[in-house]
1. Out of everything in the range 27-51 that is touching a Ser or Thr at 6+ places or on another chain (Cβ under 7 Å) and not in a helix (DSSP H, G or I), what residue ends up being farthest from Thr128 (Cα to Cα)?
2. Just for the range 256-298: of the residues that are among the charged types (D, E, K, R) and part of a loop (DSSP other than H, G, I, E, B), which one is farthest from Leu323 (Cα to Cα)?
3. Just checking, how many residues over the range 76-120 are in contact with a helix residue (DSSP H, G or I) (Cβ under 9 Å, 6 or more places away or on another chain) and in a loop (DSSP other than H, G, I, E, B)?
4. Given the conditions (1) of a type outside the set (Lys, Arg); (2) more than 40 Å from the chain's Cα centre (by Cα); (3) at pLDDT below 70; (4) within 30 Å of Asn246 (Cα to Cα), report the number of the one that Leu157 does not fulfil.
5. Which of the residues spanning the range 291-304 are more than 16 Å from Val280 (Cα to Cα) and either under 32 Å from the mean Cα position of the chain (by Cα) or of a type in the set (A, V, I, L, M) (or both)?
6. For the range 1-60, name all the residues that are of a type in the set (A, V, I, L, M), surrounded by 14 or more Cβ atoms within 10 Å (Cβ to Cβ) and modelled with pLDDT under 85.
7. Quick check on my filter: what residues within the range 29-45 are in contact with a Lys or Arg (Cβ under 9 Å, 6 or more places away or on another chain) and more than 18 Å from Cys75 (Cβ to Cβ)?
8. Pairs needed: first member in the range 299-314, without any contact (Cβ under 8 Å) to a residue 40 or more places away in the chain; second member anywhere, among the β-branched types (Val, Ile, Thr) and assigned to a strand (DSSP E or B); C-beta distance under 9 Å; at least 6 residues apart or different chains.
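The values are calculated or read from the model by the stated rules, or taken from the named source; none is laboratory data. None of these values were measured; they are calculated from a predicted model. All Cβ positions, even for glycine, are placed from backbone atoms using ideal geometry, and neighbour counts span all protein chains on display.
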Amino acid sequence: MADENQALTQNYTDLILKASGDGVYGVDNQGYTLFANPAAVQMCGYTLEEMIGHKQHELIHHTHPDGRHYPVSECPIYAAFRDGEVHRVDTEVFWRKDGSSFPVEYVSTPIVEDGVILGAVISFRDITKRREAEAALAQTRERARILEADLQHLSRLSAMGEMASELAHEINQPLTAIAGYASAAKRFLNGSKPDANTRAVESIEKAVDQALRAGEIIRRLREFVVKGNSTQSLEDVGAVVGEAVNLAALAAGTASFEINFHVDPAIDPLMIDKIRIQQVVVNLMRNAFEALENVEEGRVDVFVAAYQSGGVEVAVSDNGPGLANEVRDTLFQAFVTSKESGMGVGLSICRSIVEDHGGTLIAEENETGGMKFRFTLLTSQSESET
């Protein structure tokens, strides 16, 4: 009866090995192949007769990632019967009979009888398709990253296009002043008054100040719309948000509402992408401006304050009419907009940028009316270094 049970067990073992999709073979403690299942034979390209009795190291040729052959003493598979431990290797290269190779993961388990290590059983799996899928996924992610960057850039260009009229007016002011001061300096120099030179120098200095003002406006615009790689640097968040507030205020021109900027001077610098964070602030402020178009004594408040664990919270608040109920559910969805000429990506992009910085963006109603958009930034210097 015991012999029959043993025979039945052996039969089941043979059936399991034959049915397994993973390659399985055994070696003695000299590395000679004792058995191999059909999957191992098929994957490696040898016949069973070519594998049995031959050293698997000489057939399958385990190699380092750089292509160098392992000496037998260093072969990871043999480690199982050197130390009697189970060894799992996630990335290895096996070689077929035809000279081609394929990536595998495998487990090497020692064969032990009466405390003596007799060899090892190796179970391996071809992970070529997994590697190909990982590579394809990496390419897809990279394409998505590029598309997202292009969309963010397009959103900034769209914002600049919509604000172009007021920005042109704002730049025209210092240019007009420069022309006036230059004309005055010319008159002073052509005149005969005793203080003519002094007054000409004063006019020239004022013209220089206005030229620098115009240059600063253009610098902000160019920095905001330029297309470049997403890069993070250690920044004073208050100063970064302040620049964005000034840029948005320039675009607001002579609109009849009040803009207030409040910043906690004690906040810590953070590793952020400056231009993308400014894009969030400008988008939120422009939304607030639009909400105040028909509001008397409209007001926009921008707050920068310390947040938990060294982070920063930025809030853009208005005293407008608030959001319509039908807008709330789709507020952050891409390509959904109530504007006739809107792209419908502003808030969706804002949320994506904030989440890339480890934070969240939420919208809530003010107790006194209007809306407040709050976002957090959690990418600190210490987290970046980690």
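1. Out of the qualifying residues, it is Val27.
2. Asp268
3. Total meeting the criteria: 4.
4. Going through the list (1) of a type outside the set (Lys, Arg); (2) more than 40 Å from the chain's Cα centre (by Cα); (3) at pLDDT below 70; (4) within 30 Å of Asn246 (Cα to Cα), Leu157 breaks only (2).
5. Ala291, Leu292, Val295
6. Passing the criteria: Leu17, Leu59, Ile60.
7. Correct list: Asn37, Pro38, Ala39, Met43, Gly45.
8. Gln308/Thr376
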